[in-house]
Amino acid sequence: MNPPSQTAPARITRIARRRARPGHETEYEAMLREMLARMREHKGFLGGDLIPPETAGEEYQLVVRFASEAELQAWDMSEDRLQLLERMKDVAEGEPEFRKLSGLEAWFEPAVVPASMHPPRVRMAVVTWMGIFPVVSFYLWLVSLWPGFQGLPFLPRTAAFTALIVATMTWVVMPRLTRLMRGWLNPARRS
């Protein structure tokens, strides 16, 4: 007998925002790049992006993705991170501000990157359609095989159908599709 299936831990994205001390921008950025390099050696690290400020004196943003909250916490407690944070005190202002995102929350959060770095809306729409079309088509086909589903009242039937679509898009399709289409979604930075 197979063991009961467990739900995979949700992937997590964390955004850290912090300013460099005036005159120390180069050292601060180098330390952020070193931090990303060290994260690559830790279990569960899925990738990261450094977003420098558009204007001198504004915040740097470090966006990192981990496979689970537990693996992000393991990184947070690591000696690598603690040493880097100690060194950064000389070149950064204050403490970093953090925001964590997971699931659909990441779709609806306000912008955390400069406007010039957002994917063009038409490309976001195309990628969203690329995910929704096959998912909706599959579920329409699937429910057509179940005669009892068609006999349900309209609102419960619609609620169940849309819940399946939202769950599939959030945890299965969009994370993979946006990673696959990243190069097309984020063309060279516009000036």
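Numerical summary
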| read-out | value |
| --- | --- |
| Pair list, Cβ under 9 Å, 6 or more apart: the stretch 119-145 residue among the hydroxyl-bearing types (Ser, Thr, Tyr), other residue assigned to a helix (DSSP H, G or I) and open to solvent by 60 Å² or more (accessible area, probe 1.4 Å) | 139/164; 144/150 |
| Positions within the stretch 156-173 being in contact (Cβ under 8 Å) with a residue 60 or more places away in the chain and either surrounded by 14 or more Cβ atoms within 10 Å (Cβ to Cβ) or in contact with a Gly (Cβ under 9 Å, 6 or more places away or on another chain) (or both), in sequence order | 170, 171 |
| Residues satisfying the stated conditions in the stretch 143-155, i.e. open to solvent by 70 Å² or more (accessible area, probe 1.4 Å) and assigned to a helix (DSSP H, G or I) | 144, 147, 150, 154, 155 |
| Search result, residues across the stretch 15-47 that are under 20 Å from residue 73 (Cα atoms), open to solvent by 40 Å² or more (accessible area, probe 1.4 Å) and assigned to a loop (DSSP other than H, G, I, E, B) | 40, 41, 42, 43 |
| Residue among 27, 69 that is farther than 27 Å from residue 171 by Cβ and acidic (Asp, Glu) | 27 |
| Subset of the stretch 180-191 that is touching a residue at least 40 places away in the same chain (Cβ under 8 Å) and within 28 Å of residue 67 (Cα to Cα) - its residue that is most open to solvent (accessible area, probe 1.4 Å) | 189 |
| Selection count where residues are more than 13 Å from the chain's Cα centre (by Cα), at negative phi and open to solvent by 30 Å² or more (accessible area, probe 1.4 Å), scope the stretch 54-74 | 9 |
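Residue by residue, here is whether (1) within 15 Å of residue 16 (Cβ to Cβ); (2) touching a residue at least 40 places away in the same chain (Cβ under 8 Å) holds:
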| residue | (1), (2) |
| --- | --- |
| 32 | yes, no |
| 37 | no, no |
| 43 | no, no |
| 50 | yes, no |
| 58 | yes, no |
| 63 | yes, yes |
| 67 | no, yes |
| 76 | yes, no |
| 84 | yes, yes |
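The values are calculated or read from the model by the stated rules, or taken from the named source; none is laboratory data. None of these values were measured; they are calculated from a predicted model. Glycine also receives a Cβ, built like all others from the backbone with ideal geometry; neighbour counts cover every protein chain displayed. Please note that ligands, DNA and RNA were not included when accessible areas were found on the heavy atoms of the full protein model with its side chains. Shrake-Rupley method; radii C 1.70, N 1.55, O 1.52, S 1.80 Å.
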